[in-house]
Amino acid sequence: MQQILLSLLGYDSKNIWRQLVSVGSLRPSTMIYVNTLVDLGATFRRLCEQMENYRSASMEKVLEENSIGQKPSAYLNAVLGELEATVLLDYRNALIQLDNDLKSESACNIVNIFYRIKPYRFLLNSVSAMCQDLIGGSCRGAKVLEVVHRWAEIMPLTHKHIFDGLVIRCQLVLFEQLERWLSLSAHWMSDEFFIQPKDACQSTSYKIVKEMIPSFIGDVMAEKILYIGLKIKEIGEIVEPANCSSDFADLLSFHEQSIRRLHELMRRPLSDTRLQQLFDRWHSCVSRRTWVPISSKVELEKECMKIADYFFQQKGKLFDQLVDILLDNSLVKECPPSASCTLPGKIFDLAADYARHTAHRNIVQLRFCWRASEDQSWLSCLELELVSEQIRSSGHLFLPNVISRCNEIFRFLLRLRYSHCLLKRLWLSQSKNAPSDRITFSFLNVLHFIISTLYDYQANVIREQCHNLRAGLQAVNSSEAFSDFMDTFIYKLESSLFILSPDLWLLIDQLMFTCECLEGFDFSEPTQISCAWDALRELMKSFFRQGEKDKEKVAQLLAMLNYNEYFSRLVHSAPSSDGLSGP
């Protein structure tokens, strides 16, 4: 009897049973049942060792000083803990009951014992295989849930409730992470959650890690969960709950009810439909109700004008000073562009001091893009970044995608301003020598006219679109509507500035690059001037020919450039530099 219990606990081998058969104490036909019992005990023992080895390794990792590795998986710990409390405990209790029953029996019937323990055979084999998948595959987060869910789907009805319990246990771990994310204040996020900070040092910006999203949530629902958490945290920062308006009190009440409803759903095997319906209502309500307190708090139009003042350079004197510093100090541009370099911010502050405009320090800072590299020019890898104070007050209004697109416009406007200022200086210096250096003066005169016209054109575009922005804000009544409104506004701006027209954009880029190259140009060399003029002529021919294909987009700029039909004649003239004159 004791030998049977030891075998079922995995402490015995088949050799002892074979010896009993050889001496006649056990019939050979019984060995098929004995082997099954021994295998069952070995499976139980292996399962216990798997769990013990994992826990020991996890504890060693936790106790390591200055450990920078991943922490033990909360999902896997939950699964193993649930298995201990259900499957393994039930099996041990079954053996205890078997031991008590065998003590009262005069003989040990192997076949009867086999049929009493048989239900655990498939269960323990399945659990052991699942644990091998989880532990051997180093599963974490949603992958643990996926593996458990996959095993639950193939279980027979007799065991399905056990694996459903494991799924629910994982869902409750996920609920704890969701509850933490959906709270009013920012909390530390588990590295197993599918929403993570973009920057470990700055928890105001978050991203979705797609490989960590459970399949029953999906990408679309994950985006809504990200949105809800961000909006709720913005409300928590902007409004004091003790002094909040009734609108905010209603929202907070609805939010708490939704969290309770989420907890109820997570406590049973999930239905994708129920969860989707919950987050659809949640997302819609948060979007609709957060708009009033947020927009009234930050003064929507004022915040939009901050974007126009800096990203679209409506604070002209400030950016003129910035360009002057870049032009006057050649050593500044010799600093290799790097995302960690703080020089752009210092230069921007200096320009603000010269322009007597220091308000920018609470709104934006100038820096190199994260993609900045030494093979790029300064102007092509600068960008503006909202400072922390501005992010806290109105960062929710302008999604990262909007700021990124605004920075694309900012770089274009800065390069154009730089080219315009550079040519103005060169034109003034060469105008004194115009009688003796007619070709050089004519070249600079034409190029200055082109850039000045382009500069005036973009100023008109920015002014018109910003006017439309202010007028259109009156009709915006929700944060989702504002996002759509801003997307349309930026799209129109990009279209009017030809950023969305690759061929025209490339020609404008080449034009500004030509201007930037004039800083080190030798104007005393006639051959270089002639080559530069021919290159400009071909560039403008290409621009006008391309403009004829996109007349609707370029009509206003072409009309401004074709003053006295100068460029019309240029496009159809012979490639000679004789008898040149300005427009």
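The values are calculated or read from the model by the stated rules, or taken from the named source; none is laboratory data. Note that the structure is a prediction, hence the values are computed from the model and not measured. Neighbour counts are summed over all protein chains in view; Cβ atoms, including those assigned to glycine, are modelled from backbone coordinates with ideal geometry.
Take the residues in the range 66-122 that are of a type in the set (Gly, Ala, Ser) and modelled with pLDDT of 90 or more, then tell me which one is farthest from ILE135 (Cα to Cα). Among those that are of a type in the set (Gly, Ala, Ser) and modelled with pLDDT of 90 or more, it is ALA85. Cβ separations smaller than 6 Å between residues 6+ apart or across chains give the following pairs from the range 93-105 residues that are within 14 Å of ILE117 (Cα to Cα) to residues that are not in a helix (DSSP H, G or I): LEU102/MET1.
Can you say whether ARG463 is surrounded by 16 or more Cβ atoms within 10 Å (Cβ to Cβ) and part of a helix (DSSP H, G or I), as far as the supplied structure shows? Against the criterion (surrounded by 16 or more Cβ atoms within 10 Å (Cβ to Cβ) and part of a helix (DSSP H, G or I)), ARG463 does not qualify. For beta carbons closer than 6 Å, sequence separation of 6+ or different chains, a first residue in the range 508-526 that is assigned to a helix (DSSP H, G or I) and a second that is basic (Lys, Arg), the qualifying pairs are MET512/ARG415.
Residues that are in a helix (DSSP H, G or I), under 22 Å from SER287 (Cα atoms) and hydrophobic (A, V, I, L, M, F, W, C) within the range 472-504 comprise LEU473, ALA475, ALA481, PHE482, PHE485, MET486, PHE489, ILE490, listed in sequence order. Which of the residues that make up the range 89-148 are of a type in the set (Val, Ile, Thr) and surrounded by 13 or more Cβ atoms within 10 Å (Cβ to Cβ)? Result: ILE110, ILE113, ILE117, VAL127, ILE135, VAL144, VAL147, VAL148.
When we screen VAL286, VAL323, VAL298 for residues that are at pLDDT below 80, out of contact with any strand residue (DSSP E or B) (no Cβ under 6 Å at 6 or more places or on another chain) and among the hydrophobic types (A, V, I, L, M, F, W, C), the only hit is VAL298. Of GLY547, GLY520, all but one fail to be assigned by TED's automatic domain parsing to the domain that holds ILE451 and in contact with a Leu (Cβ under 6 Å, 6 or more places away or on another chain); the exception is GLY547. The residues of the range 317-352 that are farther than 18 Å from ARG415 by Cα and more than 35 Å from the chain's Cα centre (by Cα) amount to a single one, LEU331.
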